[in-house]
Amino acid sequence: MDRSTEFTFGIPWVMGFFHQDWRLDASTEAEAVAGQFVEELEPEAVLLVRRDALLLHDGLPHDQITVLWKACAEGGEYFFRRGRLTDGAAWMRQVIEVCDTWLARRPDTVTLSDADRYEGTS
C-alpha cells in the first residue's frame with residue numbers, strides 16, 4: 001500500500017486508511033492514523049496531513065466537517081456513532097495531535113514550502 005502519492009496526500013490520504021476492516025487493527029481512530037505514521041515516512045507527508053486538518057478545523061463549522069468525513073471515508077459515520085468523537089472538529093483536533101506527536105520525535109522535520117503551506121487557500 002502506498003503511504004502517499006503525488007495525487008493523494010493530507011486528509012484525503014488519511015481518509016483512505018479507513019476501509020471496512022480497519023477497526024480490527026486499532027482500538028481508536030487516532031491510533032489507526034498513528035499506526036500509519038511509520039518512522040520511515042517523510043515528514044512532509046505528516047505536515048500535509050496536519051495542514052489539512054488545521055485548515056478544516058479552523059475553516060469549517062464542526063457539523064460540516066462531520067458531514068464531509070461521513071461522506072468521504074468508508075464507514076465514516078461509524079466514528080460518530082460510538083460516542084468517542086462528538087463531531088468533526090474533535091476528530092480534526094485528534095489528527096493534529098497525532099501529527100504533532102509524530103513530528104516531535106523527528107529531528108529532521110522541515111517546514112512546508114510556501115506552495116505546500118498555502119495550497120488550497122485563496
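The values are calculated or read from the model by the stated rules, or taken from the named source; none is laboratory data. These figures come from a predicted structure and were not determined experimentally. Here Cβ is always computed from backbone atoms with ideal geometry, including for glycine, and neighbour counts include all displayed protein chains.
Details
- Checked against (1) more than 16 Å from the chain's Cα centre (by Cα); (2) at pLDDT 90 or above; (3) surrounded by 13 or more Cβ atoms within 10 Å (Cβ to Cβ), Ala53 passes all but condition (1).
- Residues within the range 69-121 that are hydroxyl-bearing (Ser, Thr, Tyr), at pLDDT 60 or above and in contact with a helix residue (DSSP H, G or I) (Cβ under 8 Å, 6 or more places away or on another chain), tallied: 5
- Residue selected from the range 30-43 under the condition farther than 19 Å from Asp87 by Cα and in contact with a helix residue (DSSP H, G or I) (Cβ under 7 Å, 6 or more places away or on another chain), by the criterion surrounded by the fewest Cβ atoms within 10 Å (Cβ to Cβ): Gly35
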